[in-house]
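The values are calculated or read from the model by the stated rules, or taken from the named source; none is laboratory data. These figures come from a predicted structure and were not determined experimentally. With ideal geometry, Cβ positions are generated from the backbone for all residues, glycine too; neighbour counts draw on all protein chains shown. Calculation scope for accessible area: heavy atoms of the full protein, side chains included, ligands and nucleic acids excluded. Shrake-Rupley method; radii C 1.70, N 1.55, O 1.52, S 1.80 Å.
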Amino acid sequence: MQARTAASLHFERQDAIGLLRLDRAAKRNALNDPTVEGLRDFFAAPPEGVRAVVLHGAGDHFCAGLDLSELGERSAAEGVLHSRMWHEAFARIQFGAVPVVAVLHGAVVGGGLELACSAHLRVAEASAFYALPEAQRGIFVGGGGSVRLPRIIGAHRMADMMLTGRVYSAEEGQALGLSTYLERTGQGLAKGIALAQRIAANVPMTNFAVMHALPRIAELGQDAGLFMESLIAGIAQSEPEAKVRMTSFLEKRAWKVKKH
Ligand code: 1HE
């Protein structure tokens, strides 16, 4: 099934899973305004019935970041507003309606890395590499990178990437937490879909809590954090579907945790 998206985005559906592809391979999926606006509009209202989205890229690279041909003659104020537009789009991904699994391969650079960091899970293929070429271009991150990336790899590593142009490989990115799954080249999308299917099978309230409450709790002090956790725990366990699932475990009808 197709949904209406920007020309540079391609959407298809596999039951409850939405596959959204950056579709500007000739420009290495560089993010021009219509693409970022298309991401914003898609995640503001994902198609009915979609319970998890896999975000991936066409061609040899996930995303080459900001479309540098669009930088042009922006004033400082216009630059601020442009960055705010990216913030809005990426916030719709991080704090939207459905969990998002990003599948990364080839270049994951600049705004492409910022985009990846707004997803909830990142699966990397062995071909992936990560960089922040902004400093080399004489600009700064503007898609939330200075907020999200230090929370993943630390401000000191982000500073190194920006100041020296350091490029991390897929293996290094996995060790640093840029990805949480590392797959052979060509295997990332299948892994991303398999993870999305597991996510889609969760009770929606739990997914909502993981997306919206967990990152906020993680920013709180201990006392406020623990209280917020209790509130969310109380709400989640009162869901009828949670009761059904607990009963089914106790009656030995449910999936059991197994080691590999
Ligand atoms: C682009 C872009 C782009 C490629 N904007 N057109 N991002 C960067 O600084 C990364 C710039 N790109 C690269 O370093 C390389 O292109 C890649 C490592 C991603 C891929 O290399 P390669 O050899 O496969 O492709 P290519 O030959 O460099 O590029 C193919 C075409 O894509 C070419 O256009 P063509 O018309 O000559 O065929 C490139 O010009 C075009 N292309 N990347 C525009 N980024 C909110 S703030 C965020 C700030 C940032 O993201 S700054 C980082 C920008």
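General remarks:
- When restricted to residues that are closer than 12 Å to residue 204 by Cα and of a type in the set (Gly, Ala, Ser), segment 229-244 contains 2.
- Scanning segment 123-135 for residues that are more than 7 Å from the ligand (Cβ to nearest atom) and not hydroxyl-bearing (Ser, Thr, Tyr) yields 123, 124, 125, 126, 128, 129, 131, 132, 135.
- Among (1) touching a residue at least 60 places away in the same chain (Cβ under 8 Å); (2) under 28 Å from residue 53 (Cβ atoms); (3) of a type outside the set (Gly, Ala, Ser) - the single one residue 137 does not satisfy: (2)
- Among the residues of segment 187-205, the one identified as under 28 Å from residue 237 (Cβ atoms) and of a type in the set (Lys, Arg) is 198.
- Filtered residue count, segment 43-85, keeping only those that are in a helix (DSSP H, G or I) and open to solvent by 10 Å² or more (accessible area, probe 1.4 Å): 14
- For segment 139-181, a tally of residues being outside any loop (DSSP other than H, G, I, E, B), closer than 17 Å to residue 215 by Cα, open to solvent by 70 Å² or more (accessible area, probe 1.4 Å) and among the β-branched types (Val, Ile, Thr) returns 1.
- Any hit, segment 182-200, residues being within 16 Å of the ligand (Cβ to nearest atom) and assigned to a loop (DSSP other than H, G, I, E, B): yes
- Where a residue in segment 90-114 is open to solvent by less than 10 Å² (accessible area, probe 1.4 Å) and among the basic types (Lys, Arg) and its partner, wherever it lies, is part of a loop (DSSP other than H, G, I, E, B) and away from the ligand (no atom under 13 Å from the Cβ), with Cβ under 6 Å and at least six apart: none
- Some residue of segment 13-27 being in the same structural domain as residue 136 (by TED's automatic domain parsing), in contact with a Gly (Cβ under 7 Å, 6 or more places away or on another chain) and over 24 Å from residue 200 (Cα atoms): yes
- All positions within segment 219-252 that are open to solvent by less than 80 Å² (accessible area, probe 1.4 Å), without any contact (Cβ under 8 Å) to a residue 24 or more places away in the chain and not in a helix (DSSP H, G or I): 220, 221, 238
- Filtered residues of segment 24-35 (kept if closer than 18 Å to residue 107 by Cα and either surrounded by 22 or more Cβ atoms within 10 Å (Cβ to Cβ) or touching a helix residue (DSSP H, G or I) at 6+ places or on another chain (Cβ under 9 Å) (or both)): 24, 27, 28, 29, 30, 31, 32, 35
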